[in-house]
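One structure below.
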Amino acid sequence: MRNKNNKHLGIEIDPELHYKLHYISKYEGRSANGQILYLIRKCIKEFEKSEGEIIIETDKNKNLPT
């Protein structure tokens with residue numbers, strides 16, 4: 001079941017990149033969505049390792065990132 005607090009991200013992707021994403025995700029035992037999330041988390045981890053932690057400022061009324 002989808003978490004209503006999660007954000008939706010729609011992207012356009014060319015057919016070759018789409019095929020290769022699915023190929024790699026299947027090879028690594030993930031869905032394409034799972035592979036994208038894995039890559040995003042990896043990118044953030046590497047960025048924070050070199051540049052420092054990204055602090056999330058929240059809206060005090062809704063407790064959501066601003």
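The values are calculated or read from the model by the stated rules, or taken from the named source; none is laboratory data. Keep in mind the model is a prediction, meaning the values are calculated, not measured. Backbone-built Cβ (ideal geometry, glycine too); neighbour counts: all protein chains shown. Surface accessibility is based on the protein's heavy atoms, side chains included, excluding ligands, DNA and RNA. Shrake-Rupley method; radii C 1.70, N 1.55, O 1.52, S 1.80 Å.
Annotations for the structure displayed:
- The stretch 22-55 - residue that is in a loop (DSSP other than H, G, I, E, B) and under 23 Å from LYS7 (Cβ atoms) and, of those, most open to solvent (accessible area, probe 1.4 Å): GLU53
- Of residues in the stretch 12-21 being outside any helix (DSSP H, G or I) and within 25 Å of ARG2 (Cα to Cα), the one least open to solvent (accessible area, probe 1.4 Å): ILE13
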